[in-house]
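The values are calculated or read from the model by the stated rules, or taken from the named source; none is laboratory data. Quick caveat: nothing in here was measured; it's all calculated off a predicted structure. With ideal geometry, Cβ positions are generated from the backbone for all residues, glycine too; neighbour counts draw on all protein chains shown.
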Amino acid sequence: MKKLITLAVLTTVLIVAQISPACVGKTIMLGVPNSASEKLLADMASIMISERTGSAVKVQVFKDSKELYSAVKQGKVNVIIEATDRALEMLGKPKASGTAGSYEYVKSEYRKSMNLVWLDPFGGARQYAPVLTAETLASYPALPKLLNKLSGAVTSETCTKLLRSVDSDERSRKVSRDFLKGKKLI
């Protein structure tokens, strides 16, 4: 009888060990250039995704846009926080920061030429927005609805106020978490 119970327990442990990796999803890599405002927005997005979906998210800071887009092309980054003016530069167009037409243009061109999907922009003159690879969108179809909640919560004034509170990377995460809790987003 003890052998039967031991065998049943061992079988259960082995089955659970086989199933467990399937329950843990792939880590979402969120990339940003080395900028305090984009790091803050990335921390917000990262915390929202991990808190609301249980998916692991890692924020990776790149020295510049060239390095960031290289990582995207190589499949090392799934989501970026991008500004319309820099996106226009990436497309070889002059800056027209903050206009709805700029956002719509880069949204369309990024989808056609880079297979990247722009979500709703955050408020403010620079119009930051989360941008996902098409593969990430297919793997995480609920991500746009979740991240688009930030578009109504983050304004230019809010971002400026929060940036004043940030004094280190650890502080950025705390400020982001407190803001999200205050807005009841997590």
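Selection over segment 163-182 of residues that are assigned to a loop (DSSP other than H, G, I, E, B) and loosely packed, with under 12 Cβ neighbours inside 10 Å gives a count of 2. The sole residue among 93, 73, 66 that is closer than 19 Å to residue 113 by Cβ and in contact with a Phe, Trp or Tyr (Cβ under 9 Å, 6 or more places away or on another chain) is 93.
Note on segment 102-133: among residues that are assigned to a loop (DSSP other than H, G, I, E, B) and under 17 Å from the mean Cα position of the chain (by Cα), the one that is surrounded by the most Cβ atoms within 10 Å (Cβ to Cβ) is 122.
The residue that is nearest to residue 26 (Cα to Cα), counting only those in segment 92-125 that are out of contact with any Ser or Thr (no Cβ under 6 Å at 6 or more places or on another chain) and of a type in the set (D, E, K, R), is 111. For segment 142-176, the set of residues classified as more than 18 Å from residue 129 (Cβ to Cβ) and not basic (Lys, Arg) consists of 165, 166, 167, 168, 169, 170, 172, 175, listed by residue number. No other residue among 136, 99, 160 is surrounded by 18 or more Cβ atoms within 10 Å (Cβ to Cβ) and either touching a Cys at 6+ places or on another chain (Cβ under 7 Å) or of a type in the set (Val, Ile, Thr) (or both) apart from 136.
Please tell me if residue 58 is modelled with pLDDT of 95 or more, among the basic types (Lys, Arg) and either crowded, with 19+ Cβ neighbours inside 10 Å or part of a strand (DSSP E or B) (or both). For residue 58, the condition - modelled with pLDDT of 95 or more, among the basic types (Lys, Arg) and either crowded, with 19+ Cβ neighbours inside 10 Å or part of a strand (DSSP E or B) (or both) - is met.
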